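For reference, the structure discussed in these notes is given below.
Values in this text are rule-based calculations from the coordinates and carry no lab data. Note that the structure is predicted; figures quoted are calculated from it, not measured. Note that we place each Cβ from the backbone using ideal geometry, even for glycine, and neighbour counts take in every protein chain shown.
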Amino acid sequence: METREFTCIRCPLGCNVTATLENGKIVSITGNTCPRGAEYVTNELTDPRRIVTSLVKVDGGERPVVSVKTASDIPKGKIFDCLEELKKVKLTAPVHIGDVVISDVCGCGVDVVATGTVL
């Protein structure tokens, strides 16, 4: 049997959660004080996902870049592909919060949106 330790980030409690695995399958999850802890650990072991934040170049604006993020989490294995796509993007001012910068980034079904405004 193998054990893996996690600090849950789903709520402010930050529970120390332990997952026990046997032959790569989850046998038990302990230490979580709410169901979100078990869900977090299960997702981390089976399909880890992350929100990506970055900057994108802007032409003709008051600032040379605008902050962006994925609208929701994407598979962890696609993070660097997403960042490579963002390197290729150059927007023209004005850019507003919520503008879609890349639609369906890396085929993940998730948009990248502006999180700032550049006039």
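Figures for the structure shown
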item	result
Using alpha-carbon coordinates, inclination of helix 35-46 to the longest axis of the chain, degrees	80
Paramagnetic reach from residue 62 (point 7 Å along Cα→Cβ, amide N under 19 Å) across the stretch 94-119	94-99, 114-119
Calculated [θ] (222 nm, deg cm²/dmol) that DSSP helices of n ≥ 4 give over the chain, each run adding -39,500 (n - 2.57)	-5500 deg cm²/dmol
Approximate spin-label separation residue 23-residue 103, in nm, with each point projected 7 Å along Cα-to-Cβ	4.6
Distance between the stretch 68-104 and the stretch 23-37 - C-alpha centres, whole angstrom	33
Dipole magnitude of the chain, debye to nearest 20 (Cβ charges: Lys/Arg +1, Asp/Glu -1, about Cα centre)	200
Percent antiparallel among DSSP beta bridges (both partners in the chain, rounded to 5)	90
